[in-house]
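Below you'll find the structure, written out as structure tokens, and then a few comments.
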Amino acid sequence: MADDYSADIAISNVNIVGKGCELSADITYKLSPLAKEALNKGINLTWRVLIKIDQKGWLWNSSVYEYEMAYQIQHHAVLNLYSVEQIANGATEAYSTLNAALNSISKIRQLKLDCAFNRDPEKKYYLAVKVLFDREALAVPLRALSYFDKQWALSSPWELWQLQK
């Protein structure tokens, strides 16, 4: 779709390792012209990658594990560079292009999830991954507008992967 700016997730591999698991996935970030313009004018863009493991229930599912990674991209006009900050630890990397900055947050490789929980062999478990564009991190004047304009719909739906017993 020409105006689909949401992120896409492709889970390539999930391995059960002991009581935890390792995740590999690729994320494609598709920024709208409005989001690119805002970024180039000094508005920081923030995404949260939400990861959880759900236990399938009879009436509803319950989460047995949750993990989050958050990234903020900023454009530095004077240097004509883009920086990506990992919000959890404050680590920042600089890139010469927006594509390079987005590529730096698009690959998850063998992420170890310390999801030590007692797996019931009679139940089904799903790993779920979602990219959430953090509209609340936008500048206040843009925040309200972002909820009504499709060009700010930069999140993804939940992508599910059934964990093997």
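Some observations on this one:
- If R0 is 30 Å, the Cβ-Cβ spacing of residue 120 and residue 12 corresponds to a FRET efficiency of close to 0.65.
- Least to most buried among 9, 87 (fewest other Cβ within 10 Å first): 87, 9
- For residue 88, neighbours were defined as the other residues whose beta-carbon sits under 11 Å from its Cβ, and their charges (Lys and Arg +1, Asp and Glu -1) total -1.
- Expected 222 nm ellipticity per residue - DSSP helices of 4 or more, -39500 (n - 2.57), all of the chain, to 500: -3500 deg cm²/dmol
- Local electrostatic count, residue 22, Cβ distance below 10 Å [Lys/Arg +1, Asp/Glu -1]: +2
- Modelled this way, with points 7 Å down the Cα-to-C-beta line, the labels at residue 110 and residue 137 are 2.7 nm from one another.
- Across the chain, the mean sequence separation of Cα contacts (distance under 8 Å, 6 or more residues apart), normalised by length, yields a relative contact order of 31 percent.
- If you take the Cα centroid of the stretch 6-26 and the Cα centroid of the stretch 83-160, the two points sit 14 Å apart.
- Straight-distance crosslink candidates among lysines, where the alpha carbon sits under 19 Å from residue 112 and sequence neighbours closer than 8 are dropped: 19, 52, 130, 165
- Taking 47, 60, 161 and counting other C-beta atoms within 10 Å, the order from fewest to most: 60, 161, 47
- Ranked 48, 143, criterion: other C-beta atoms within 10 Å, fewest first: 143, 48
- Dipole magnitude of the stretch 33-84, debye to nearest 20 (Cβ charges: Lys/Arg +1, Asp/Glu -1, about Cα centre): 100
- Modelled spin-label separation between residue 88 and residue 144, with each label point placed 7 Å from Cα along the Cα-to-Cβ direction: 3.5 nm.
- Calculated diffusion of the stretch 1-139, Stokes-Einstein form, Kirkwood radius summed over Cα pairs, 10 °C and 1.306 mPa s, µm²/s: 95
- Anisotropy class of the stretch 77-157 from Cα gyration tensor, a/c 1.5 cut: oblate
Since every read-out is calculated from the coordinates, none of them should be taken as a lab result. Please read all numbers here as calculations on a predicted model, not as lab measurements. Positions of Cβ are backbone-derived with ideal geometry, glycine not excepted, and every protein chain shown enters the neighbour counts.
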